[in-house]
1. Please give the number of the condition B:Ile369 fails out of (1) open to solvent by less than 50 Å² (accessible area, probe 1.4 Å); (2) more than 30 Å from B:His255 (Cα to Cα); (3) part of a loop (DSSP other than H, G, I, E, B).
2. Looking at A:Pro290 and the list (1) surrounded by 21 or more Cβ atoms within 10 Å (Cβ to Cβ); (2) more than 14 Å from chain B (Cβ to nearest Cβ); (3) touching a residue at least 60 places away in the same chain (Cβ under 8 Å), which single condition is not satisfied?
3. Just to verify a result, which residue in region B:51-62, among those that are open to solvent by less than 10 Å² (accessible area, probe 1.4 Å) and among the hydrophobic types (A, V, I, L, M, F, W, C), is farthest from the other protein chains (Cβ to nearest Cβ)?
4. Do we have any residue at all in region A:318-325 that's surrounded by fewer than 23 Cβ atoms within 10 Å (Cβ to Cβ), away from chain B (no Cβ under 11 Å) and touching a residue at least 12 places away in the same chain (Cβ under 8 Å)?
5. Inside region A:332-434, counting only helices (runs of 4 or more DSSP H) that do not spill past its ends, which hold 2 or more residues that are modelled with pLDDT of 95 or more and closer than 26 Å to A:Lys197 by Cα?
6. Does A:Arg375 satisfy the criteria of being more than 14 Å from every other protein chain (Cβ to nearest Cβ), in contact with a helix residue (DSSP H, G or I) (Cβ under 7 Å, 6 or more places away or on another chain) and open to solvent by 10 Å² or more (accessible area, probe 1.4 Å)?
7. Applying the selection to region A:112-168, what residues are part of a helix (DSSP H, G or I), of a type in the set (Lys, Arg) and within 18 Å of A:Leu85 (Cα to Cα)?
Amino acid sequence: MQKVPFTTGYLTAHCGDDAYGTLDGYKAEGGYETARRVLKKGTPEDLIETLKASGLQGRGGASFIAGQKWSFMPGAEDDTGPRYLVCNADESEPGSFKDRLLLERAPHLLLEGILLAAFAIRAEKTFLYVRGEYGEAIRVLTRAIEEARAGKVLGPRALGSRFAHDVVLVRGAGAYICGEETGLLESLEGKKGQPRKKPPYPAENGVFGRPTTVNNVETLCHVPHIVEKGADWFRGIGTAESPGNTLFGVSGHVVRPGLYELPLGTPLDEIVFEHAGGVAGGRKLKAVIPGGLSMAVLPAGQVDVPMANEFLRERQTALGTGGIIVMDDTTCMVRVACIITHFFREESCGQCTQCREGTGWMNRIVSRIERGEGRFEDLALLKDVCAKMEGKTICAFADAAAWPVQGLLRHFPQDFQSHVTHGQCPYPGSFVLA
Amino acid sequence: MTERVRIRVDDVEYEVDAGRTVLQALDDCGALFPERDGKRPEQTDALIPHYCWHPKLSIDGSCRLCQVEVRAGADAPPKLAIACNTPVSEGLVVDTKSETVAAARQGVMELLLINHPLDCPICDQAGECKLQDYAYTHGVDHARTREPRRKAKKRVDLGPTIVFDQERCILCRRCVRFCREVTGTGELGVFDRGDRSVLETFPDEPLDNAYSMNVADICPVGALTTKDFRFKMRVWFLEDVDGICTGCSRGCNVHIGVAKNAVQRYLPRRNDAVNGTWMCDDGRLSYHEIAREDRLTTCLVREQAIGEDSPQLRPASLDEAVAAVAARLRPLLDAKGPGVIAGIASAHASNEDLRAFKTFLDVLDVDTIGLAVARGDSDDLLVEAEKGANGAGARAVGFGALAPVADRIRGGGIEALIVLGHDLFADGSLDARALAGLDTVVAFDTHRSPVERVAHVVFPVRHAAEKDASYTNSAGIVQPVQRAVVPGPEVRDEGDFLQRIGAALGLAGFETETETEAESKAGDGAE
């Protein structure tokens, strides 16, 4: 793996060395002891209560309370057939690369998290759906699963308990939408990756028609630590509403792009200027996308915000996947809009009218403005198209396509206006569009 | 019994089955298409507009046009949701008219139209196009696009029955679900994604199944059109008449599209007890038989002209034909009695005509009677093996198996045969040779058929689309039909001819002037 700088915490403690690379190495660090204890002596109910008490928010982008998600699954009284855990390792949000580190450097931490989650929801099997481009992660995970089976960590008596579990690795084929949980389930079933309408929700009717919980990689990696050290310990980190550490992936115009494990609530400016070393080349900060491409941008003047949803919400953006994209003052925000809308136009699954047509229309409007053929009314038109898409479709993809455009228009209207006025891009030095 | 819940839609309360969604529940109680009676769904505005939802297909939830505001109770906050997939619950309040709903619908309509070719003037769907209709009622009246519209394939030949215009398609996927869920043939799919999504067949796999033309019915726009009706007639020139398909004993309900006193098409008419919303392609195309060249248009009487080797059927007037029957049957009756006469009914005749036939035979005291029906392929969906719309009606009137009648004919006990329809030889128990020795064969038929070869007198009768009558389907449901087109002046109902023949024979209760005649004198030309 390419070396990326990172700061460590409990999640990434051994991601810099090889300690977690093998089953023995992980066990030597006390790995699987928590799961062994819970699988033998714990109950699913207690486990769910612990998770709920910890307040762990899902790290896949939506920040849904993980324990609550588990509790939606049918209880022991439902014995109509199998139920499944799906680990969403299709990390595909542009700007987000945190799960990759965990997949490549802490596979057994993930497997332990999987075992605990599966025990909590009484799943007999986990589908580990890995982004197809993550070749190294797939290699590492395949070996880790084989090791775990051979070492009886997985199997009919997982970790010597009476709980049977197996993990099946499935490779994605490169669609962003297959990271959406029901799009993923469709893909897992061998179908075209198109999100499902809800209801039914996965906990009722998930993969292969069975109750299913979908959890993100990082979410599951928190679980062994929470169970081992307790909900109170976890609550002691981060903010009251958003406890725990998270992995911030910083990219763009910074001195030290990389992954930084920090408590939720760490100020964005601290992450950008201290941990990531500030803007590269001595230039000035212009804007930061705080949580992956689908979150609204923040202008330089608003980066003094703690990175937790309760604070980001006040600035009309959100934590998303914690992928922080930093842009300096040479960046043309219309070009940024071009790239973002092009991405979402390419990746829309095409089911819902507003998303299928809206993503394409936005991209065509923005491209026209970038070419210097824009009109002043296009700004209002763009906002209106966003409003027609937001909150009206099967999944959150249309929202994810609308929010960043809304953010750019909100904070950088002058960039758009300047293109219209001068009929050309005012940032000759800005990065070139592919 | 299913639990019932009460929901309120725009201040109207409905009691509906639990476990249904809002659109399903409204459809269950007949409220979704308030003016459905006598009109095709394409002609009436739905209470909640929708594209991808269809009462007989799975819920798709993708067109997003059926968005409404729902509240879990009168005091709960409103939430925008699609009516097709929102489960009903006790006290659910649905608002279909709020500003939020109107804006959401307008958004969908505008976005559906940004890439639509807007070629209504040359589009065959114009006039019964839901995109056109809802653009007027729920859409915007101007385009805000500067960009060129998406180019896609035109005039795609999807198979033997359907032509596809990819640019007009709004990707509702009704046709895809139809082929997967109803016919199980799965020929269609949506390929690629985003705004490059296109409906296609799989390579070298044409859309070819026994029900393929239904996809044109359920296509809300002019993307899928049938080769049969395409460019034949602007739909606003069509009058819709309720009829049934006479292809088999299912009796699928149809809308008969009529113009210029000719049937232009059949479309399935929804009847959940009979055919749901579908019909088979063979049945749909069976309307062509109404105006086919081999229709009988005059009475025929077999006569031998000077210089001919054998007698030939030749056109005759109604009076000549009736007199010819009487001249043949009267001496036979007087000499040998009714025991040498047999009557064979048809599954093509209406209940009214079958009753008239039975009465005629009863008054004559003929008791050698049976029913001739053709049988063919059947399937699990709609097509029944019995090829005739009214076999059940004929049996109910008293016409039973053909075999005893055939045995008596072959045994030489029969000298005269009165037969309805053209299925006399269908089951093989009788053929022209077996009937060659009969003194008299009187036939009533819509079309020329092999029966003619042995017939002495032939009467031209009306097709189901040409009469006000009723037919009983295989499930015993009596289905009325209305006259859609007026046949030639000499084409009449079986009962009408029989009435005249009875009168000519001097039978009790048979008058010279029939009701039909009086009616046609009074109202001829009205239709």
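1. With respect to (1) open to solvent by less than 50 Å² (accessible area, probe 1.4 Å); (2) more than 30 Å from B:His255 (Cα to Cα); (3) part of a loop (DSSP other than H, G, I, E, B), B:Ile369 is out only on (3).
2. Result: A:Pro290 passes all but (3).
3. B:Trp53
4. There is at least one residue in region A:318-325 that is surrounded by fewer than 23 Cβ atoms within 10 Å (Cβ to Cβ), away from chain B (no Cβ under 11 Å) and touching a residue at least 12 places away in the same chain (Cβ under 8 Å).
5. So the answer is A:333-347, A:353-370, A:377-389, A:397-411.
6. Details: more than 14 Å from every other protein chain (Cβ to nearest Cβ): no; in contact with a helix residue (DSSP H, G or I) (Cβ under 7 Å, 6 or more places away or on another chain): yes; open to solvent by 10 Å² or more (accessible area, probe 1.4 Å): yes.
Criteria not met by A:Arg375.
7. Of everything in region A:112-168, just one residue is part of a helix (DSSP H, G or I), of a type in the set (Lys, Arg) and within 18 Å of A:Leu85 (Cα to Cα), namely A:Arg149.
Rundown of residues vs (1) modelled with pLDDT under 95; (2) within 14 Å of chain A (Cβ to nearest Cβ), yes/no style:
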{"site": "B:Thr145", "(1), (2)": "yes, yes"}
{"site": "B:Arg155", "(1), (2)": "no, no"}
{"site": "B:Pro160", "(1), (2)": "no, no"}
{"site": "B:Cys169", "(1), (2)": "no, yes"}
{"site": "B:Arg174", "(1), (2)": "no, yes"}
{"site": "B:Glu181", "(1), (2)": "no, no"}
{"site": "B:Leu199", "(1), (2)": "no, yes"}
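The values are calculated or read from the model by the stated rules, or taken from the named source; none is laboratory data. Keep in mind that what you see is a predicted model, and the values were worked out from it rather than measured. Cβ sites come from the backbone with ideal geometry, for glycine too, and all protein chains shown count toward neighbours. Quick note on the areas: whole protein, heavy atoms, side chains included, nothing else; ligands and nucleic acids left out. Shrake-Rupley method; radii C 1.70, N 1.55, O 1.52, S 1.80 Å.
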